[in-house]
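One structure is given below, encoded as structure tokens.
Read the figures in this text as sums done on the coordinates, not as results from a lab. These figures come from a predicted structure and were not determined experimentally. Quick reminder, even Gly has a Cβ in these numbers, built from the backbone with ideal geometry, and neighbours come from all protein chains shown.
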Amino acid sequence: MTIRADNRLLDGAPMQPLDCHQCGAEVEVRKASWHQTSVQWSAQALRACLERRAARSGDGGGPDHGLFPGCTALRESIVRAALDGALAVPED
Amino acid sequence: MKGWVNVTAVEASTTGIRSIEAEAVPTRFARGWHCLGLSGQFKDGRPHTVNAFGQKLVVFQSGDGGLNVLDAYCRHMGADLSKGTIKGDELACPFHDWRWGGDGRCKKIPYARRVPLRARTAAWITMEQDGLLFVWNDPEGNPPPPEVAIPRIEGATRDDWTDWVWQEIVVETNCREVMDNVVDMAHFFYVHYSFPTYFKNIFEGHVATQIMNGLSRPDARPPGKGPRMLGNSSVASYHGPSFMIDDLTYHYDDMDLKSVLINAHYPIDGNSFMLHSGIIVQHSDKLPREGAEAMAQKLGDFILKGFDQDVQIWKHKTRIDNPLLCEEDGPVYQLRRWYEQFYVDVADVRPEMVERFEFELDTTRPVEAWKQEVEANLARRAAAGRQA
Ligand code: FES
Ligand SMILES: [Fe+2]
């Protein structure tokens with residue numbers, strides 16, 4: 001099956017590179033609004049992420065089976081970039 | 001009229017009308033562990049027929065207690081082994097009594113001096129865990145790598161949890177439809193009468209996760225007597241192409257109810273699949289053993305209703321490879337990109353299919369719209385009540 005592109009990425013803003021202020025991991029980010037966020041990681045970025053590394057070493061196989069919900073430092077980096085305009089956020 | 005519509009679709013580029021595109025369903029079946037249901041049902045001393053992966057399979061328990069899965073068609077003259085009988089460690093064919101072992105080899109032909117060469121049929125790798133039987137499907141014929149193992153479900157073997165309440169239904173469509181549910185927040189409101197307020201997806205490696213919190217809907221289930229359900233929080237992950245474990249907590253005004261919900265399927269063929277749901281519920285002070293068992297039954301029925309709601313849509317919809325998404329939809333394309341890893345050879349799995357992707361949905365607008373709709377439904381009902 002052909003892998004197709006998301007129509008929202010074709011017709012709206014594309015994913016945009018962003019560095020995490022804590023670990024420097026380079027990810028791709030998109031915000032369709034203040035509360036929507038897409039993050040595309042690469043294997044390299046994931047290896048760089050400190051919180052991710054800490055989470056992996058403590059993987060106790062709890063109810064969430066080692067699910068990593070996301071990096072809070074990256075989340076902050078995204079908010080900062082959105083606030084200072086480095087990351088475009090469409091107005092309502 | 002129908003013909004007219006079709007013509008217009010073809011001429012989309014000139015008219016601005018969007019066309020629906022769909023390739024044929026894949027001819028191969030997903031690589032991965034597939035759950036065949038409660039393992040206990042296969043332990044009644046008889047072989048069982050399972051139609052899966054475009055084939056007919058037979059499941060039987062050998063003398064050592066292990067469950068085996070073979071191609072159902074006997075390599076001698078093609079009889080159906082699932083209509084045969086278990087004799088000791090082997091499965092005996094109903095036609096001429098050839099004896100087949102769980103490893104797929106013919107062990108004995110009672111009326112022959114010698115078993116001929118190449119008397120070997122396809123045997124699937126099986127795994128029994130937490131009361132469930134799994135079968136490994138791989139079109140390339142490789143064994144399952146350890147990293148795709150199905151995680152243990154703690155409550156399934158614990159005394160303070162109920163037994164499985166398990167349901168199975170045949171659905172007449174390609175199984176991609178059920179996968180799309182992972183990302184489809186809005187349908188939970190419109191089809192399942194729930195009310196999502198938080199929604200996030202994470203895809204990484206062979207795991208696809210949906211995190212969802214929701215409120216209960218007073219317009220769908222009028223609050224009755226007893227504890228009032230306020231909402232639920234759910235963390236649900238597909239571990240591979242077909243087996244989802246959902247850690248699901250229902251919040252009541254006076255307690256939290258912890259449950260684990262399984263949503264699993266195996267393809268029968270390209271155009272149908274067997275859909276399974278299983279649920280276990282944890283006992284609590286408020287809900288001791290019997291109460292929890294009753295609750296599991298009730299939730300099981302409720303989930304079955306939910307399946308039927310999906311089925312009503314699937315039955316009549318068309319396959320669509322180019323869904324037209326708004327920003328309040330989930331990541332359908334990225335989910336399908338993840339799902340594709342199970343349909344290509346391992347060597348052809350591309351980084352983009354397995355690299356981590358996160359999508360947090362903005363529920364502001366949906367929640368606004370749905371609150372209004374719930375209010376309107378309640379007002380309409382109240383008005384109708386006054387008239388009656
Ligand atoms: S067909 Fe099975 S033994 Fe002859
Ligand atoms: Fe659904």
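Annotations for the structure displayed:
- Linear extension gain, B:ASP160 paired with B:GLU373, 0.36 nm per residue minus alpha-carbon span: 72.7 nm
- Counting 0.36 nm for each residue step from B:LYS56 to B:VAL191 and taking away their Cα separation leaves a gain of 45.3 nm.
- Inter-centroid distance (Cα atoms) of the range B:40-54 relative to the range B:235-250, Å: 25 Å
- Pairs of C-alpha atoms in the protein assembly as shown farther apart than 41 Å represent 27 percent of all such pairs.
- Sites A:ASP92 and B:CYS326, calculated FRET efficiency, Cβ-Cβ separation with R0 22 Å, nearest 0.05: 0.95
- The mean count of C-beta atoms from other chains within 10 Å of the C-beta of residues in A:31-37, rounded to a whole number, is 5.
- Stokes-Einstein diffusion of chain B at 37 °C, 0.692 mPa s viscosity, Kirkwood radius from Cα pairs, rounded to a whole number: 140 µm²/s.
- Residues in the range B:298-338 that a label on B:GLU21 would reach, taking backbone N under 13 Å of a point 7 Å out along Cα→Cβ: B:320-324
- Neighbours of B:ILE320 by Cβ distance under 12 Å: Lys/Arg scored +1, Asp/Glu scored -1, total +1.
- For the range B:263-320 versus the range B:123-188, the gap between their alpha-carbon centres in whole angstrom: 13 Å
- Were the residues from B:HIS316 through B:MET255 laid out at 0.36 nm apart, the gain over their Cα-Cα distance would be 18.0 nm.
- When the C-alpha to C-alpha distance is required to be over 24 Å, the pairs from B:LYS43/B:LYS305; B:LYS200/B:LYS225; B:LYS56/B:LYS107 that qualify are B:LYS43/B:LYS305; B:LYS200/B:LYS225.
- Gaussian network model of chain B, Cα within-10 Å springs - most flexible of B:SER82, B:SER242, B:SER19: B:SER19
- Once the Cα atoms are used to define both axes, helix A:72-83 deviates from the longest principal axis of chain A by about 20 degrees.
- FRET E, pair A:THR72, B:LEU117, Förster distance 51 Å, beta-carbon r, rounded to 0.05: 0.20
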